[in-house]
Amino acid sequence: MARKTLFGPLKQFLEQRLTLTAKQRELAVQERRIMDDMGRMLSGLGYRLVSTNGQQNGAERPQGRSRPLPKKPLPKKLKCPRCERRFSLGMHVARHLTTTHRRGRRARRKMTVA
């Protein structure tokens with residue numbers, strides 16, 4: 001009789017633990033997919049997803065390589081309208097215009113006729 005009362009809760013505990021472990025693995029796979037998708041989306045915009053805990057995209061790096069392969073740079077097709085600088089993304093041209101040529105910094109004043 002004492003065996004039933006002792007092993008019953010232990011069996012339930014082990015079943016719950018196995019269920020939680022399986023759920024943990026499932027969530028890790030789902031997180032990995034989300035991080036991979038996010039990394040691909042950001043790399044298309046010129047950004048790179050970097051983990052704060054030393055892991056690449058939230059998971060350990062493969063054992064074969066110590067560094068990721070370098071990416072081919074985007075072609076610089078966009079030219080600044082005020083100088084000869086060229087850029088690969090429109091947001092870089094806008095940032096250049098704002099910082100170098102002060103575009104958009106000055107507020108325009110309304111002219112009043114008296």
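The values are calculated or read from the model by the stated rules, or taken from the named source; none is laboratory data. Treat the numbers as computed from the prediction; the structure is a model and nothing was measured. Here the Cβ is made from the backbone with ideal geometry for all residues, glycine too, and neighbour counts use every protein chain on show.
Points to keep in mind about this one:
- Note on region 35-48: residues that are among the hydrophobic types (A, V, I, L, M, F, W, C) and more than 19 Å from residue 88 (Cα to Cα) total 2.
- For residue 25, the test of being in a helix (DSSP H, G or I) and at pLDDT 90 or above is passed.
- Matching residues in region 57-67 - criterion: being within 18 Å of residue 29 (Cβ to Cβ) and either assigned to a loop (DSSP other than H, G, I, E, B) or at pLDDT 55 or above (or both): 57, 58, 60, 61, 62
- Check on residue 82, surrounded by 10 or more Cβ atoms within 10 Å (Cβ to Cβ), modelled with pLDDT of 85 or more and assigned to a loop (DSSP other than H, G, I, E, B): yes
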